[in-house]
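**Student:** Pasting a structure below so you can have a look.
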Amino acid sequence: MINLRINGQPRQFPAPLSIADLVVALDLAGKRIAVEKNGEIVPRSQHGNARVADGDQLEIVVAVGGG
Amino acid sequence: MDSLVIAGRAYSSRLLVGTGKYKDFSETRAAIDASGANIVTVAIRRTNIGQDPNQPSLLDALPPSQFTYLPNTAGCYTADDAIRTLRLARELLDGHSLVKLEVLGDPQSLYPNVVETLRAAEVLVKDGFQVMVYTSDDPIVARQLEDIGCVAVMPLASLIGSGMGILNPWNLQIIIDRLTVPVIVDAGVGTASDAAIAMELGCDAVLMNTAIAGAQQPVLMASAMKKAVEAGREAFLAGRMPKKVYQASPSSPTTGIIGT
């Protein structure tokens, strides 16, 4: 079991996984998002290779209305 | 054609609009279409995990292929948060580098923290961003932001969302006169005459959100703002007549008046 912090919320997953798998697990596949892991951007092209491990902090953002 | 040129790219509209505070995406789209704006600001926020994945998104309502997105750093109170937000925005929008930097001082006034703004601008410009920067109407800070390499300087007319109009046209005038990059009034416009005054002063453009979204009829106000910005621009280009204090000048011939 690994513990992640995603957008400030604690989340548990059975095992380490790739960012791409995580995006699917969060129902965000196909959405226009950007991912930051431990303060560093993870480019979309690397979502398949980049892995998340216990203790990682992730931010997943979208564009919303704003001024 | 009298285009607005920012970082070498020409835009036909001198009205930039925000996309916040509308009742739904269809009103957002209708208002933005009525405004004629080419450039629309967007905010970057955490995705709501666990929400219905089929919910419509802003990007569906306003396809980035039809508008120039201007991701902002609204809600950031430090240079570091603003930089981080815009790096996420660049990733989100496929390398898009034109951004709106704003670093706020406190949540009550939303007044810019110019010290943090200058610090963030320096980092972002070095990192390859084309920075349009929200700032106070301090002419010295405006100049420093231009010197750092910002592609547009955007002083407030009054506080964000206040609709108080242009409180200090004299400072804006100094900024307009001294800068070479576009000067865009950002924040404080309340109604069409405010936008026209900004443009008559010689601003290159006006950016607004609440003045449109907060109107009783946002789509109608968007149309009014489009006309106000165009009218103000044309009046600026036409060059107004000099003001004559205490001296009237008749518009009709002074000879041939009957009974004389």
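**Student:** Somewhere in segment B:46-61, is a residue under 30 Å from residue B:123 (Cα atoms), away from chain A (no Cβ under 13 Å) and in contact with a Phe, Trp or Tyr (Cβ under 9 Å, 6 or more places away or on another chain)? Write out each step before concluding.
**Tutor:** Filtering segment B:46-61 down to residues under 30 Å from residue B:123 (Cα atoms) leaves B:46-48, B:58-59.
Imposing the further condition that a residue be away from chain A (no Cβ under 13 Å) reduces the set to none.
No, segment B:46-61 contains no residue that is under 30 Å from residue B:123 (Cα atoms), away from chain A (no Cβ under 13 Å) and in contact with a Phe, Trp or Tyr (Cβ under 9 Å, 6 or more places away or on another chain).
**Student:** If you don't mind, there's one more thing I want to ask. Output the residue which, of all residues in segment B:220-260 that are farther than 30 Å from residue B:35 by Cα and hydrophobic (A, V, I, L, M, F, W, C), is surrounded by the most Cβ atoms within 10 Å (Cβ to Cβ).
**Tutor:** Going through the qualifying residues, I end up with B:257.
**Student:** Next up: Scan segment B:79-123 residue by residue and report those that are part of a helix (DSSP H, G or I), over 30 Å from residue B:170 (Cα atoms) and not polar (S, T, N, Q).
**Tutor:** Within segment B:79-123, B:80, B:81, B:83, B:84, B:86, B:87, B:88, B:89, B:90, B:91, B:92, B:123 qualify.
**Student:** Take the residues of segment B:11-45 that are among the β-branched types (Val, Ile, Thr) and not in a loop (DSSP other than H, G, I, E, B): which is farthest from the other protein chains (Cβ to nearest Cβ)? Walk me through it before giving the result.
**Tutor:** Going residue by residue through segment B:11-45, those that are among the β-branched types (Val, Ile, Thr) are B:17, B:19, B:28, B:32, B:39-42, B:44.
If we keep only those that are not in a loop (DSSP other than H, G, I, E, B) too, we end up with B:17, B:28, B:32, B:39-42, B:44.
Numbers: B:17: 8, B:28: 6, B:32: 10, B:39: 12, B:40: 9, B:41: 6, B:42: 4, B:44: 5 Å.
Of everything passing the filter in segment B:11-45, B:39 is farthest from the other protein chains (Cβ to nearest Cβ).
**Student:** Could you please tell me which pairs satisfy a Cβ distance under 7 Å, a separation of 6+ or placement on different chains, a first residue in segment B:167-185 that is among the polar types (S, T, N, Q), and a second residue that is crowded, with 22+ Cβ neighbours inside 10 Å and in a helix (DSSP H, G or I)?
**Tutor:** none
**Student:** Return yes when residue B:82 is under 19 Å from residue B:160 (Cβ atoms), in contact with an Asp or Glu (Cβ under 8 Å, 6 or more places away or on another chain) and within 11 Å of another protein chain (Cβ to nearest Cβ) and no when it is not.
**Tutor:** Details: under 19 Å from residue B:160 (Cβ atoms): yes; in contact with an Asp or Glu (Cβ under 8 Å, 6 or more places away or on another chain): yes; within 11 Å of another protein chain (Cβ to nearest Cβ): no.
So residue B:82 does not fit the description; no.
**Student:** Here is a follow-up. Here are some conditions: (1) under 30 Å from residue B:216 (Cβ atoms); (2) buried (at least 18 other Cβ atoms within 10 Å of the Cβ). Residue B:150 meets all but one. Which one does it not meet?
**Tutor:** Among (1) under 30 Å from residue B:216 (Cβ atoms); (2) buried (at least 18 other Cβ atoms within 10 Å of the Cβ), residue B:150 violates only (1).
**Student:** If I filter segment B:200-214 down to residues being more than 14 Å from chain A (Cβ to nearest Cβ) and part of a loop (DSSP other than H, G, I, E, B), which single residue comes out as surrounded by the most Cβ atoms within 10 Å (Cβ to Cβ)?
**Tutor:** If we take residues in segment B:200-214 being more than 14 Å from chain A (Cβ to nearest Cβ) and part of a loop (DSSP other than H, G, I, E, B), then B:203 is surrounded by the most Cβ atoms within 10 Å (Cβ to Cβ).
Taken together, the values in this text are just the output of simple stated rules run on the coordinates, not laboratory data. Owing to the predicted nature of the structure, the values given are computational and were not obtained by experimental measurement. Here Cβ is always computed from backbone atoms with ideal geometry, including for glycine, and neighbour counts include all displayed protein chains.
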